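The values are calculated or read from the model by the stated rules, or taken from the named source; none is laboratory data. These numbers were taken from a predicted model, which means no experiment stands behind them. Neighbour counts are summed over all protein chains in view; Cβ atoms, including those assigned to glycine, are modelled from backbone coordinates with ideal geometry. With ligands, DNA and RNA removed, areas are computed over all heavy atoms of the protein, side chains included. Shrake-Rupley method; radii C 1.70, N 1.55, O 1.52, S 1.80 Å.
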Amino acid sequence: MTEAVVSQLTEVHDTEILTQARAVLDACRDGRAMQDAVVAAVRRNEQWRGEQCINLLAPEAPTSPAVRALLASEVGTRAAEGHIGKVNRWFAGTKYIDEIEALCVELLKQALRARYADHRLVASMIGNLAVYTALTEPGDVIMSIAQPFGGHSSNRWDGPAGVRGLKIVDVPMNPDELVVDLDLFRKVAPLVRPKLVAVGASMTLFPFPLREMSEVIAEWGGKLYFDGAHQIGLIAGGQFQDPLREGAVALTGSAGKTFSGPQSGIIVWDDPALTEPLTHAIFPVLAATHQVNRVAALAVSAAEMIEFGQAYMAQIVRNAQALGAALERRGIRVLGARKGYTRTHQVIADVRAYGGGLDTAHLLARANLVTNKNLIPGDSAADWDRPGGLRLGTIEVTRYGMREPEMDVIADFMGRILVEGQSPATVMEDVVDFRQGYQTLYYNFDHGLPPQ
Ligand SMILES: *Cc1c(COP(=O)(O)O)cnc(C)c1O
């Protein structure tokens, strides 16, 4: 076998793209030219995705100028393992780092109205693994939401819950609105008596019955935790349910989704008895150095949430509702219509009529409309790569100052391609023109609120 064939059979990545990268490097005169190749690709993305696209990816948020600047700060070169404080650390020289980290912990507690918080999760995935490490033993039964209903690998056999060796039973869901089928949960849960129930999903339109579910499982000492990866910003802004007040013992979340901070994880809890097991699972089990530049950026994004979270998150939800309605007016089917489409930043379109999620997402991307394919109820395991849905999110368009009227314009761009069959190239010109007018990021201390 030739080298090329071997690598084609053994690489997980697209081998054509890797081959192209090798060719670029082979053509470089020296290391500097290699550096330039990397920087040029970053710049191309910045121009395209950062200035010319309408980004409707639900898990992405553009960070504020202050947060971006901190991500490049000197403190990012410092190592600081362990808990905050002179005796707790391995390294001397951390007095200002302790100060930064303590500010972050206290800001997270304040933003999320919680007694305890941890700032060291380099990803929300790691936060979920910390929960499983702290609250379960291998072989335990847990319940979580399956992927076609929005569940995430974090809580399934192919992610942290699986790595922990847990037995996983599905939380029964209502397929039309992506909400828990509480009647069925009341029947199934006592049969399997889960030690832990993970609620929360990557695709969420409406709140979950957390209070009722935690009461059911309390009978045998079961606990519920909320994986608020997507919703933790909405929770901070008071625009979604408040899991810690509704029976969840812990709340995890991604800092880079609705929370609009640096990509990483957040975990908060109220019960002092959980402090030792959860923080032990974080250090020394799952995090050593934890990127102090990111901690500083996370602290500032928490301050932004405290100051702007309510207005920002409320507009995100209004925009999602407006986008759902506008798509339906153009004949594109949207889930949750009966309940006003959504109470989150997400809109889920059923695009089976337009060739499914994969082709639709790539067609729209040719017009600079960035979305993602998504499994929807009705898809089977065989549809994994080519699911029937499209997930849209309104975080980024909102932070650029857009409101309900702009959602109508965006739905129109989509309708021209999907319903009227216009060419993406034609629509792209209008998308780029439109996007020109939205280049300033709001809901932060650099630019405040968007102009009325
Ligand atoms: C995105 C997501 C995660 C993973 O978050 P990261 O911060 O990317 O690690 C976990 N759970 C759910 C439900 C998610 O949607």
Efficiency by 1/(1 + (r/R0)^6): what FRET value for LYS187 and SER380, r their Cβ-Cβ distance, R0 = 35 Å, to the nearest 0.05? 0.90
Bridge orientation stat for the chain from DSSP, antiparallel percent rounded to 5, came to 55 percent
What's the extension gain from GLU215 to GLN35 if we count 0.36 nm per residue and subtract their Cα-Cα distance? 59.1 nm
VAL87 to ARG245: FRET efficiency via 1/(1 + (r/R0)^6), r the Cβ-Cβ distance, R0 45 Å, to the nearest 0.05? 0.85
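Sort the stretch 67-302 into rounded, prolate or oblate with this rule: let a ≥ b ≥ c be the square roots of the eigenvalues of the Cα gyration tensor; rounded if a/c is under 1.5, and if a/c is not under 1.5, prolate when a/b is larger than b/c, oblate otherwise. Intermediate values should be presented prior to the final figure.
Values: a/c = 2.14, a/b = 1.72, b/c = 1.24.
Prolate, since a/c reaches 1.5 and a/b exceeds b/c.
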Quick note, the stretch 360-452: a/c under 1.5 would make it rounded; otherwise a/b > b/c is prolate and the rest oblate (a ≥ b ≥ c, C-alpha gyration tensor); here it is oblate
Does the stretch 308-435 come out rounded, prolate or oblate by the C-alpha gyration tensor, with a ≥ b ≥ c the root eigenvalues, rounded set by a/c under 1.5 and, if not, prolate when a/b is larger than b/c and oblate if not? oblate
State the percent of C-alpha pairs, over all pairs in the chain, separated by a distance greater than 30 angstrom. 48 percent
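In debye to the nearest 20, how big a dipole does the stretch 311-452 give about its Cα centre with +1 on each Lys and Arg Cβ and -1 on each Asp and Glu Cβ?
440 debye
Could you put ASP176, ASP181 in order of accessible surface area, largest first, with the 1.4 Å probe and the full protein assembly present?
Accessible-area ranking of ASP176, ASP181, largest first: ASP176, ASP181.
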Compute the signed sum of charges (Lys and Arg +1, Asp and Glu -1) over the other residues within less than 10 Å, Cβ to Cβ, of PRO207. -1
With the dipole of the chain worked out from charges on the C-beta (+1 for Lys and Arg, -1 for Asp and Glu) around the Cα centre, which of PRO59, ASN88, GLY331 lies farthest toward the positive end? ASN88
Roughly how many Å² is the accessible area per residue of the chain, as a whole number, for a 1.4 Å probe? 44 Å²
With a 1.4 Å probe and all protein chains kept in place, how much accessible area does LYS339 have, in Å² rounded to the nearest 10? 80 Å²
Result row for the chain, helices from DSSP H with C-alpha axial extent 27 Å or more and mean Kyte hydropathy at least 0.0, is 292-329
Surrounding net charge for ASP36, when Lys and Arg each add one and Asp and Glu each subtract one, Cβ distance under 14 Å: +3
If every Lys and Arg gets +1 and every Asp and Glu gets -1 at its Cβ, then about the Cα centre the chain yields a dipole, in debye to the nearest 20, of 400 debye
Pairwise Lys count, the stretch 67-302 - Cα closer than 28 Å, eight or more residues apart or different chains: 13
Enter the Cα centre distance for the pair the stretch 55-83 and the stretch 228-244, rounded to the nearest angstrom. 21 Å
Tally Lys/Arg at +1 and Asp/Glu at -1 over every other residue whose Cβ is under 14 Å from the Cβ of ARG156; what's the total? -1
Treating the beta-carbon of each Lys and Arg as +1 and of each Asp and Glu as -1, no other charges, what is the dipole magnitude of the stretch 67-302 about its Cα centre, to the nearest 20 debye? 480 debye
Say each of ARG22 and ASP158 gets a label point 7 Å from the Cα, pointing the same way as Cα to Cβ; how far apart are those two points in nm? 2.8 nm
Which length gain, in nm to one decimal place, applies between GLU106 and GLN52 when the Cα-Cα distance is subtracted from 0.36 nm times their residue separation? 15.7 nm
For the stretch 363-379 and the stretch 414-442, what is the centre-to-centre distance using only Cα atoms, to the nearest Å? 15 Å
Of GLU307, GLU81, GLU177, which has the most accessible area with a 1.4 Å probe, and how do the rest follow in descending order? GLU307, GLU81, GLU177
Which order do you get for THR426, THR136 if you rank them by accessible area with a 1.4 Å probe, largest at the top? THR426, THR136
